[in-house]
Amino acid sequence: MTGNETELLYLFWSVLILAAVPVIYRLCRGRSQALTALDGFMFVSMGGIILLDFLPQALEDGGWPCVVFAVLGVGLPTVIERRGHRLGEHFHRAALYLGLLGLLIHSMLDGVYLGSSGADSGLLPLAVILHRLPVGLTVWWLVRWSRGRGAAMLLLGVLAVLTALGYFAGSGLLDDLSGRGLAWFQSLVAGSLFHVVLHRSRGAAPEEAPAAAGRKLPLSASGVGGFLGLALVVFLLTGEHAHSGEHAHSGEHGEFWNSFLALALQSAPALLLGYFLAGLVAVFLPVSSVRWLGGGSLAGQALRGVAVGLPLPVCSCGVVPLYRALVERGVPATAALAFLVATPELGMDAVLLSLPLLGGPFTLVRIAAAAVLALAVAVIVGRTISSRTQENSATAAAEAEGSAGGVLDKLGGGIKAGLGTLVDHTGPWVLVGLAVAALVGPLVRDSWLVDCDSYLQVALFAVLGIPVYVCASGATPMVAVLLAGGVSPGAALAFLLTGPATNVVTFGVISDLHGRKTAVFFCVMMAILAVAIGFTVNLLFPGFAPLDPQAGHDHSSDQLPWACLWVLGGLFLFSLLRRGPREVVGSVFSVEALSGAEGGDEDEGHDCCAGGGEPETGKMEEPGGCCEN
């Protein structure tokens, strides 16, 4: 088969898969479980395509301002919808049209990529063809319920025609459709489309069947659909990166995935250990130990928390589930917060690694600063947390201890709690934290931050350390390189203090347990105290001479990190299959808040059922959905 014949075959399949969209929906019609699975599939696949394909492609051309435009695309319609009903409806429709316009443009680019693909293009053409399925399903799902079946069929036809136009226009069209302005527009479109997908999928997503709601199923229909959507996204990314052509994302996009994988490998053993220990703490920690941690003054509780956390070989990724287990077991917030900060800061692995990379004096300063920070933050923040939750948790812990069975029963319950419930609560935050760290981490290296004033460096690196998800041992070689590159010792220490102890995961868990205000206050106090300690170090060590760093950690060839990462991946996937993608994402973000829907009256009046007649048989709305009467 010649190259032209192969490319025409690609075009044929890309159009055929759009034609299959109404058939797929027809097969699912009247089957609530199938519709729920379809919603989960679209939620994950389109969300993945938007976040991992549309946006990175725009970032390569438009730079970081694209992030601002994407946030505007998601947030502006959401804020307007929540403030004013009528105006919000108009903005939502505008976001819908803008998102559909973006899909039309992207469909034309798909044709260009297919037209420039030959027989040696690997998985790229197949990836382009397959990602048309969630795009087509999304278009059908959105337009079918707002404008009717005819409009949905017409728009699918327009997608097919634009694909053919892009195919015959050739790669020259890419030169016309390029530039920073277009990249910013694409980012705005991607954000708008993400908002619309959240809002519209929610309005059209059916519930689980009543028969299934009465029994405990190991898997949910939405979870199965989300798993299939995730598998498709992974295949699409694999297909694009396997090919070095125009549509394959490299550069910054490739650096992000390399950094994400390195952080995941570095965190996996400690995180898995943390989940296991947290499960054991949840069932084996006696009430007497809880009372010992809560005895004495706030300073005494903080000292006990540091003393308990010091010998544990748990890094920042593993201490979060342990912290949740301690709080739910009834440990006072002051002791638990001291444990949360001190455990990753003062791990023996990080201390031993600091000696050859940072030197003995700096290592001693690091240990002392971490202890002071843990004590101060625990006392200040712990004082603001109500004791009512602590008392309720302690009472529940005593009741659970009194009613618990034998050792084997406790062990089984602990494993179930640590590898099940805690994974459900913290797993989504872990993934978000790794992604944020992979994005922020490269910005620290080789940037103007290294050349600015030493005291300004302290404040900047303290703030940068807050969202970064990095283990203390992993941050040590990075800081050694920064010190050798000219960063002040106070700035390096501030990053070592905030990096391991504060990240997106920590913020999420504290917010969940104690409220968002407490989480914000915790992060603010961490930053302020870290800056104060950094300033002090710069004053005390004006002539600090860093060591020449040697090779850092490289886990890529180790078997243990890979084995732990596979186990964690399995646990996260099983959580997705059991809970469904919307509940998983809801652990981090409120889908209703992002989509502008609050349920009940605020959803009333949206047009997901307008223009298309009455909802079809089998279409069951979520409570508070826009079609509920």
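Across region 486-508, what is the number of residues that are under 20 Å from residue 337 (Cβ atoms) and not in a helix (DSSP H, G or I)?
Here is the first cut: in region 486-508, the residues under 20 Å from residue 337 (Cβ atoms) are 494, 496-508.
Of the ones still in play, those that are also not in a helix (DSSP H, G or I) are 502-503.
So the answer is 2.
Do we have residue 231 as on the phi < 0 side of the Ramachandran plot, in contact with a Cys (Cβ under 8 Å, 6 or more places away or on another chain) and modelled with pLDDT of 70 or more here? Even if it seems obvious, please write down each step before you answer.
Details: on the phi < 0 side of the Ramachandran plot: yes; in contact with a Cys (Cβ under 8 Å, 6 or more places away or on another chain): no; modelled with pLDDT of 70 or more: yes.
Judged against the criteria, residue 231 is not a match.
Give just the number: which of (1) in contact with a Ser or Thr (Cβ under 9 Å, 6 or more places away or on another chain); (2) at pLDDT below 80; (3) assigned to a helix (DSSP H, G or I); (4) closer than 21 Å to residue 417 by Cα does residue 312 not satisfy?
All conditions pass for residue 312, except number (3).
Residues being farther than 17 Å from residue 579 by Cβ and more than 26 Å from the chain's Cα centre (by Cα): count how many of those fall in region 24-51.
The number of residues fulfilling the criteria is 10.
Which number in (1) of a type outside the set (D, E, K, R); (2) under 21 Å from residue 497 (Cβ atoms); (3) modelled with pLDDT of 70 or more; (4) part of a loop (DSSP other than H, G, I, E, B) marks the one condition that residue 322 misses?
It fails just one condition, (4).
Tell me yes or no: at least one residue of region 486-505 is buried (at least 22 other Cβ atoms within 10 Å of the Cβ), modelled with pLDDT under 95, under 26 Å from the mean Cα position of the chain (by Cα) and within 20 Å of residue 384 (Cα to Cα).
We begin by selecting, within region 486-505, every residue buried (at least 22 other Cβ atoms within 10 Å of the Cβ); these are 487-503, 505.
When the remaining residues are screened for being modelled with pLDDT under 95, the result is 487-503, 505.
Now drop any that are not under 26 Å from the mean Cα position of the chain (by Cα), which leaves 494-503, 505.
Then keep just the ones that are within 20 Å of residue 384 (Cα to Cα); that gives 501-502.
There is at least one residue in region 486-505 that is buried (at least 22 other Cβ atoms within 10 Å of the Cβ), modelled with pLDDT under 95, under 26 Å from the mean Cα position of the chain (by Cα) and within 20 Å of residue 384 (Cα to Cα).
Consider region 465-485. How many of its residues are at pLDDT 75 or above and part of a loop (DSSP other than H, G, I, E, B)?
Here the count works out to 2.
The values are calculated or read from the model by the stated rules, or taken from the named source; none is laboratory data. Just so it is clear, the model here is predicted, and its values are computed rather than measured. Because the Cβ atoms are built from the backbone with ideal geometry, glycine has one as well, and the counts that use them run over all protein chains shown.
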